[in-house]
Amino acid sequence: MTDQSTIWTEDNLMSLQSHILAEERHHPSATGDFSWILSGISLATKSIASKVRRARIEDVIGESAGGPFGENGGINVQGEQQLKLDVIANEVIKACLGTRANIAALVSEEEQEPTILRSRESGGRYAVFFDPLDGSSNLDVSVGVGTIFGIVRLPDTRGISGTEAILHERATMAAAGYVLYGSSTVMMLTTGNGVDMFVLDQSIGAYVLVKRKIKMPATKKIYSINEAYANRFPAGIRTWLDWAHNNDYSSRYIGSMVADVHRTLLKGGVFVYPETNDRPEGKLRLLYEAMPMAMLVEQAGGTASTGRGRILDLRPEALHQRVPVILGSADEVSHVQRYIDA
Ligand code: AHM
Ligand code: MG
């Protein structure tokens with residue numbers, strides 16, 4: 001069999017679909033599961049990309065009055081106001097993944113309970129976690145927003161289902177990615193074999209591979225943090241910031257995690273969303289924000305920590321659990337850690 005990785009060149013045109021099929025050929029035990037799930041994510045995010053571009057025209061910017069599952073008048077499980085496009089993006093993903101025969105459950109930022117599709121015995125081997133439209137409060141000013149997703153392989157334990165299976169200690173992250181709806185629509189994807197970057201070619205309606213095995217710089221003097229909260233940060237974060245101010249750092253903060261992490265992955269630096277006095281558990285969600293981003297960053301050679309340990313070592317205790325997040329270039333995360341530990 002020809003080794004696909006040896007014949008790929010920068011000149012080849014490779015779609016997301018062919019890329020996944022080629023990757024699966026390297027795994028003798030591959031079942032085609034990923035191509036099946038990722039084709040659903042590909043379809044959903046193409047649809048969301050087009051809705052994001054037309055949001056202003058179609059008047060879907062603004063708050064949702066409730067929508068099909070906004071029973072609480074458009075307030076989501078985080079107690080946050082859902083925007084119309086949050087609700088639409090959530091529906092689109094559910095519609096595209098709901099029919100995939102190997103998915104047991106969907107966990108969305110927008111819904112309190114998981115959507116259970118089928119049992120392990122009926123072929124449900126994976127759970128998909130997603131934030132349908134992260135950073136959506138930036139939509140009205142046309143800043144980049146994104147979809148974050150993680151695919152988790154569920155343990156083969158009979159009799160355990162639903163939330164218990166999703167949070168089981170033997171549930172493992174199998175793939176993660178995000179789609180950034182920015183000046184172009186970009187998908188970053190890892191199935192545990194490095195990070196690959198795809199751009200949506202609108203003219204042919206397909207994600208095309210543009211860069212393989214992305215490695216982030218080990219060091220870069222850029223920090224990305226909401227510095228306006230500095231008085232509410234722990235002492236270690238404040239002293240690290242003082243140190244950075246005296247060491248030629250530059251600051252970049254968009255306030256849209258997908259956009260901030262995307263820049264960090266490509267250019268290096270550190271993204272920090274620590275705990276604050278008013279949010280001692282942090283703001284970002286473990287399952288569908290921190291964990292997928294941590295897997296991508298680690299696969300690109302960076303590190304991802306809560307300040308107390310590796311994000312991917314955490315055993316989730318609740319579907320909508322929040323955690324502090326420090327991720328990026330290995331050296332930059334170490335600098336932050338040094339001040340936290342001091
Ligand atoms: P959201 O999922 O409700 O959009 O919130 C998550 C967003 C992240 O994209 C971003 O990193 C963070 O919230 C910004 O928060 P803040 O405005 O507190 O800096
Ligand atoms: Mg979010």
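The values are calculated or read from the model by the stated rules, or taken from the named source; none is laboratory data. Please read these numbers as outputs of a predicted model, since none were measured by experiment. Glycine also receives a Cβ, built like all others from the backbone with ideal geometry; neighbour counts cover every protein chain displayed. Just so you know, the surface numbers come from the protein's heavy atoms only, side chains and all, with ligands and any DNA or RNA stripped out. Shrake-Rupley method; radii C 1.70, N 1.55, O 1.52, S 1.80 Å.
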With every protein chain in place, the chain: carbon and sulfur % of accessible area (1.4 Å) = 49 percent
What residues qualify as long-range amide H neighbours of ASP201, i.e. H under 5 Å apart, gap of 5 or more or another chain, H built at 1.01 Å from N?
-> ALA206, TYR207, VAL208
For region 130-196, state which trypsin sites (Lys or Arg not before Pro) are in a DSSP loop and have at most 11 other beta carbons lying within 10 Å of their beta carbon.
-> ARG158, ARG170
Quote the charge dipole size of the chain about the Cα centre in Debye, to the nearest 20; the model charges only the Cβ of Lys and Arg (+1) and of Asp and Glu (-1).
-> 500 debye
Using every pair of alpha-carbon atoms in the chain, split the distances into 10 Å bins beginning at 0 and state the percent of pairs per bin, rounded to integers.
-> 6, 25, 34, 25, 9, 1
Cβ-based net charge around MET291, under 14 Å, with every Lys or Arg adding one and every Asp or Glu removing one | -2
Considering only the other residues whose Cβ falls under 12 Å of the Cβ of MET257, what net charge follows from Lys and Arg at +1 and Asp and Glu at -1?
-> -2
Candidate lysines for bridging to LYS220, where Cα separation is under 28 Å - those fewer than 8 sequence places away on the same chain excluded | LYS211, LYS267, LYS283
Send over a whole-number figure in Å² for the accessible area per residue of region 222-341, probe 1.4 Å.
-> 39 Å²
In square angstrom, what is the accessible area per residue of region 133-184 with a 1.4 angstrom probe?
-> 40 Å²
Which lysines have a Cα less than 19 Å from the Cα of LYS84, not counting those fewer than 8 places away in the same chain?
-> LYS46, LYS51, LYS94
Net +/- balance of residues flanking GLU281 in space, Cβ distance below 9 Å, scoring K and R +1, D and E -1 = +2
Pick out the long, greasy-scoring helices in the chain: whole DSSP H runs spanning 24 Å or more along their own axis by Cα, mean Kyte-Doolittle at least -1.0.
-> 33-53
